Amino acid sequence: MLCCIILPGCNFSRGVKTDLITGLKLSYKGFGVQDAILVDAGGNKLTSNKVQLNTKIAIAALGVENYGLKDGKAYPGLSLLVTDKNGKSMLNAADLFEGTEGYPPAQATELQGTITVGRPMASGQTYHVKVHIWDKVTPTNEINAEVDLIVL
């Protein structure tokens, strides 16, 4: 007996990925996401998790799709947490998109959390960075990315 189940309108994705060069780990569910990368202030992909003090870097999620829409707009949320080796918070931003009025889905395909690598961070130390992206219309859609940064 052959059984076939078709779920019309069901659009679900889930996955995990690790960049073996930078150590950036990505997991997602509900959203479609092409990749997550570390980038410098100029938007260039980093080839290491070693970063200079007094620079800016970002974790960028690329190709984000499958938002729940409200009035035709996407409403992403993005939190950013940076901790030292003892778990002490260096930066904790609950929602970098708080208070926005939504975006056309085509303008919400690339999201990033930017970090200024500066005081109180110090050279020779390692810091853990976590980015959490969620869909405010469909909260079960989420992307998580994390990496250890070594400050030079």
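The values are calculated or read from the model by the stated rules, or taken from the named source; none is laboratory data. Quick caveat, the model's predicted, so the values are computed rather than measured. A quick note on method: Cβ atoms are made from the backbone with ideal geometry, for glycine too, and the neighbour counts reach across all protein chains shown.
Checking the structure you have, find out if any residue of region 93-104 is in contact with a strand residue (DSSP E or B) (Cβ under 7 Å, 6 or more places away or on another chain), modelled with pLDDT of 95 or more, farther than 26 Å from residue 22 by Cα and outside any strand (DSSP E or B).
There is at least one residue in region 93-104 that is in contact with a strand residue (DSSP E or B) (Cβ under 7 Å, 6 or more places away or on another chain), modelled with pLDDT of 95 or more, farther than 26 Å from residue 22 by Cα and outside any strand (DSSP E or B).
Restricting attention to region 30-47, report how many residues are over 18 Å from residue 141 (Cα atoms), among the aliphatic types (A, V, I, L, M) and assigned to a strand (DSSP E or B). I'd like the intermediate steps shown before the answer.
Of region 30-47, the ones over 18 Å from residue 141 (Cα atoms) are 37-47.
Still in the running and among the aliphatic types (A, V, I, L, M): 37-39, 41, 46.
Checking which are assigned to a strand (DSSP E or B) leaves us with 37-39.
Qualifying residue count for the region: 3.
Cβ contacts < 7 Å: first residue within 17 Å of residue 150 (Cβ to Cβ) and free of Cβ contacts under 8 Å to residues at least 40 places away in the same chain, restricted to region 77-94; second residue acidic (Asp, Glu) and assigned to a loop (DSSP other than H, G, I, E, B), any location; separation 6+ or different chain. Result?
Close Cβ pairs satisfying both conditions: 90/84.
When you check residue 110 against the structure, is it in contact (Cβ under 8 Å) with a residue 60 or more places away in the chain and among the acidic types (Asp, Glu), yes or no? First the steps, then the outcome.
Working: in contact (Cβ under 8 Å) with a residue 60 or more places away in the chain: no; among the acidic types (Asp, Glu): yes.
Criteria not met by residue 110.
Hey, does region 118-126 have a residue that's assigned to a strand (DSSP E or B) and either among the acidic types (Asp, Glu) or modelled with pLDDT of 95 or more (or both)?
So the first thing to find is which residues in region 118-126 are assigned to a strand (DSSP E or B), and the list is 126.
Applying the additional criterion that residues be either among the acidic types (Asp, Glu) or modelled with pLDDT of 95 or more (or both) yields 126.
Checking region 118-126: at least one residue is assigned to a strand (DSSP E or B) and either among the acidic types (Asp, Glu) or modelled with pLDDT of 95 or more (or both).
Might you let me know whether region 60-72 holds any residue that is within 23 Å of residue 16 (Cβ to Cβ), in contact with a helix residue (DSSP H, G or I) (Cβ under 9 Å, 6 or more places away or on another chain) and aromatic (Phe, Trp, Tyr)?
yes
Every residue in region 105-129 that is surrounded by 17 or more Cβ atoms within 10 Å (Cβ to Cβ) and within 16 Å of the chain's Cα centre (by Cα), please. Walk me through how you get there before you give the answer.
We begin by selecting, within region 105-129, every residue surrounded by 17 or more Cβ atoms within 10 Å (Cβ to Cβ); these are 108-109, 111-113, 115, 117, 121, 127, 129.
Passing the criteria: 108, 109, 111, 112, 113, 115, 129.
If you go through region 81-104, how many residues are of a type in the set (A, V, I, L, M, F, W, C) and either crowded, with 17+ Cβ neighbours inside 10 Å or more than 18 Å from residue 133 (Cβ to Cβ) (or both)?
The initial filter retains those residues of region 81-104 that are of a type in the set (A, V, I, L, M, F, W, C), namely 81-82, 90-91, 93-94, 96-97.
When the remaining residues are screened for being either crowded, with 17+ Cβ neighbours inside 10 Å or more than 18 Å from residue 133 (Cβ to Cβ) (or both), the result is 81-82, 90, 96-97.
Count: 5.
Being of a type outside the set (S, T, N, Q) and either more than 30 Å from residue 73 (Cβ to Cβ) or in contact with a Gly (Cβ under 7 Å, 6 or more places away or on another chain) (or both) is the filter here; which residues of region 106-132 pass it? Break it down stepwise before answering.
To start, the set of residues in region 106-132 that are of a type outside the set (S, T, N, Q) comprises 106, 108, 110-111, 113, 115, 117-122, 124, 127-132.
Matches in region 106-132: 117, 118, 119, 120, 121, 122, 124, 127, 128, 131.
Inside region 48-80, can you point out the residues that are of a type in the set (A, V, I, L, M) and either surrounded by fewer than 18 Cβ atoms within 10 Å (Cβ to Cβ) or part of a loop (DSSP other than H, G, I, E, B) (or both)? First the steps, then the outcome.
Narrowing region 48-80 to residues of a type in the set (A, V, I, L, M): 51, 53, 57-62, 64, 69, 74, 78, 80.
Residues satisfying the conditions are 53, 62, 64, 69.
If residue 135 passes every condition in (1) at pLDDT 95 or above; (2) touching a Leu at 6+ places or on another chain (Cβ under 8 Å); (3) buried (at least 17 other Cβ atoms within 10 Å of the Cβ) but one, which one does it miss?
(2)
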